[in-house]
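Accompanying notes for the structure given below.
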Amino acid sequence: MFTGIIKAKGTIRTMETRGGDVRLSVQSDGLPWSDYELGESIAVNGVCLTAVALREDGFDTDVSVETLDVTALGGLAVGSPVNLEPAISLGERLGGHLVSGHVDCTGRVVTRDTDARSIRLTIEIPKDYARYVAKKGSVCLDGVSLTVNEVSGNRFELNIIPHTADVTIIGDYASGTVVNVEVDLLARYLERLLDKDGDDLSIDFLKANGYA
């Protein structure tokens, strides 16, 4: 699990095709990467990946065909900046919201405007996923935990404060940028409960399962 609070930025050092998959080599001086262990999970632009090699200045990870198909990682190139977050430890502060690193879809930046000292973004996502996004709810873009300001159809608006723009790749977003989107976990599980067969869904059922 992750929190959506980016711990470091990095860049893609190499991208090597291996039998249809891709091995990414990420360079980052933001964390002591050699202190982590092989097999640990690291979120790269919000995508949960496994470290297969660790160095003082970064790590390597394999990206499967499935992950390339459903995320924006396939659009990266050597030199591309990326957001990085290692998996959380027990007892760590949950500064954002619970994030699984399992990207639901990709979205597109429609507009980028200045709003006082902040950046206002309009993001468009596929209609099938728009129902999971709610005003003042949480959403994760490229691994960054954000709060939704407004929703209209399959578009939503976000305000990016200067700190977030500085310490993540969101500061580089422009109209047309493709981003990884993970909707709130609660929305996904609540939908699953509502899809239950029969008439036994009630407030007592929701309470018993931790949703009310």
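The values are calculated or read from the model by the stated rules, or taken from the named source; none is laboratory data. If you're wondering where the values come from, they're calculated on a predicted model, not measured in any experiment. Note that each Cβ is placed from the backbone with ideal geometry, even for glycine, and that neighbours are counted across all protein chains shown.
Pairing residues of region 119-130 that are under 11 Å from GLY153 (Cβ atoms) and in contact (Cβ under 8 Å) with a residue 24 or more places away in the chain with residues that are buried (at least 18 other Cβ atoms within 10 Å of the Cβ) and among the β-branched types (Val, Ile, Thr), at Cβ distances under 7 Å and at least 6 apart in sequence or on separate chains, gives ILE125/VAL181.
Being at pLDDT below 95, surrounded by fewer than 18 Cβ atoms within 10 Å (Cβ to Cβ) and out of contact with any His (no Cβ under 8 Å at 6 or more places or on another chain) is not true of GLY79. With the condition kept exactly as written, say whether any residue in region 100-108 is in contact with a Ser or Thr (Cβ under 6 Å, 6 or more places away or on another chain) and in contact (Cβ under 8 Å) with a residue 40 or more places away in the chain. Yes; the residues of region 100-108 include at least one that is in contact with a Ser or Thr (Cβ under 6 Å, 6 or more places away or on another chain) and in contact (Cβ under 8 Å) with a residue 40 or more places away in the chain. Would you say ASP142 is crowded, with 19+ Cβ neighbours inside 10 Å and at positive phi? Against the criterion (crowded, with 19+ Cβ neighbours inside 10 Å and at positive phi), ASP142 qualifies. Only residues that are outside any strand (DSSP E or B) and of a type outside the set (Gly, Ala, Ser) were counted across region 102-124, and they come to 4.
Considering only residues that are over 18 Å from VAL144 (Cα atoms) and at pLDDT 95 or above, which ones fall in region 82-91? Answer for region 82-91, where residues must be over 18 Å from VAL144 (Cα atoms) and at pLDDT 95 or above: there is none.
Among the residues making up region 1-57, those that are of a type in the set (Val, Ile, Thr), modelled with pLDDT of 95 or more and assigned to a strand (DSSP E or B) are THR11, ILE12, THR14, VAL22, VAL26, ILE42, VAL44, VAL47, THR50, VAL52. Of all residues in region 32-53, none are closer than 18 Å to THR168 by Cα and free of Cβ contacts under 8 Å to residues at least 12 places away in the same chain. With respect to the numbered conditions (1) at pLDDT 95 or above; (2) among the basic types (Lys, Arg); (3) surrounded by fewer than 15 Cβ atoms within 10 Å (Cβ to Cβ), which one is the sole condition not fulfilled by ARG120? Of (1) at pLDDT 95 or above; (2) among the basic types (Lys, Arg); (3) surrounded by fewer than 15 Cβ atoms within 10 Å (Cβ to Cβ), only one is false for ARG120: (3). The residue list GLY74, GLY91, GLY96 contains one member that is within 24 Å of ARG155 (Cα to Cα), out of contact with any strand residue (DSSP E or B) (no Cβ under 6 Å at 6 or more places or on another chain) and not assigned by TED's automatic domain parsing to the domain that holds ASN154, which is GLY74. Do we have THR67 as within 22 Å of CYS105 (Cβ to Cβ), outside any strand (DSSP E or B) and either touching a Gly at 6+ places or on another chain (Cβ under 7 Å) or outside the structural domain of SER138 (by TED's automatic domain parsing) (or both) here? Yes; evaluated as a whole, the condition is true for this residue.
Looking across region 57-70, the residues that are surrounded by fewer than 17 Cβ atoms within 10 Å (Cβ to Cβ), of a type outside the set (A, V, I, L, M) and more than 14 Å from ARG13 (Cα to Cα) come down to SER64, GLU66, ASP69.
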